[in-house]
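The values are calculated or read from the model by the stated rules, or taken from the named source; none is laboratory data. Keep in mind that this is a model prediction, so the values were computed, not measured. Cβ coordinates were reconstructed from backbone atoms using ideal geometry, including for glycine residues, and neighbour counts include every protein chain displayed. Remember, those area values only see protein heavy atoms, side chains included, never the ligands or the DNA or RNA. Shrake-Rupley method; radii C 1.70, N 1.55, O 1.52, S 1.80 Å.
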Amino acid sequence: MVRYFWNAGAVVQVWLNGILWAGSMAMRRETIDKIDLVTAWRCSLSVDGAGVRQIRRAKLRTVFVPTVIMPNREDITISQFIPWSERQLVAAKSSEWGWALVLLHAFTISICVFAPVAMILFGGIGDHFVYWAGWTAFICYWIGAAASTLAIEFAMQQVLRRNEVNSKWMTLKGMLYFFPSIVLCHFVYFRTLIGAHYRKRVSWRGVEYQLLGKNDVRMVSYRPYQSAIENQDVQSVV
């Protein structure tokens, strides 16, 4: 559920910022040659981030196509999700404005989450207007976060139905976890921001990379999908 809320927010960022996702990315061969994409990939961590960077440098643009979005049926634990999300944020550094946008987004989210709590705690000492304004902001933010997630889910379900993909969304168990998970997702986000800032190595589907610079990445270990073969389960290979 935490990853679900993370992806619900991510799909909006993908649409707003013209970000690519390698799992459903398509471009013409002549475009790949024109933007020198293969050369850029050789020293980049993120296929997506490098693609966006090269496309924009060539004064081209990306187009978001909702019909190629796919549901993720893999399981993941919180302990697996944190390094996965750290890697996503590390990959954002390879785009032109990726890290700046991430930090700006984190700053605004921090204000929305912590400012109402501070108003409630300190306003309760004597200023009733601040106290009730804090509660109003607190309630509006979390209801708004839940409502926007439901709106995104409604839109995605329409896309999946058009593609004749059966994606059962919310079960009774999921409904019970809905609000706790959306709150936990925020704090996981803050945790992964700190981890991404200091991370010098990442592991991606059995391949380990060393981060030497913004666009200077070296592969140090190569065992793709090996853990999935050994475990024979449906968990994400992170």
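Count of segment 41-71 residues, restricted to those that are under 25 Å from residue 4 (Cβ atoms) and small (Gly, Ala, Ser), is 2. Scanning segment 180-195 for residues that are of a type in the set (A, V, I, L, M), farther than 18 Å from residue 75 by Cα and open to solvent by 50 Å² or more (accessible area, probe 1.4 Å) turns up 183, 194. The set of residues in segment 154-179 being open to solvent by 50 Å² or more (accessible area, probe 1.4 Å), without any contact (Cβ under 8 Å) to a residue 60 or more places away in the chain, in a helix (DSSP H, G or I) and not basic (Lys, Arg) consists of 154, 158, 172, 175, 176, 179. For residue 141, indicate whether it is in a strand (DSSP E or B) and either open to solvent by 70 Å² or more (accessible area, probe 1.4 Å) or over 26 Å from residue 66 (Cβ atoms) (or both). Taking the combined requirement at face value, the residue does not satisfy it. Which of the residues spanning segment 196-218 are surrounded by fewer than 16 Cβ atoms within 10 Å (Cβ to Cβ), within 19 Å of the chain's Cα centre (by Cα) and not charged (D, E, K, R)? Hits for segment 196-218 are 197, 198.
If the condition is being out of contact with any Leu (no Cβ under 8 Å at 6 or more places or on another chain), hydroxyl-bearing (Ser, Thr, Tyr) and modelled with pLDDT under 90, then segment 85-130 contributes 85, 95.
Can you find, within segment 4-39, the residue that is nearest to residue 155 (Cα to Cα) among those that are among the charged types (D, E, K, R) and not in a helix (DSSP H, G or I)? Only one residue fits best here, namely 28.
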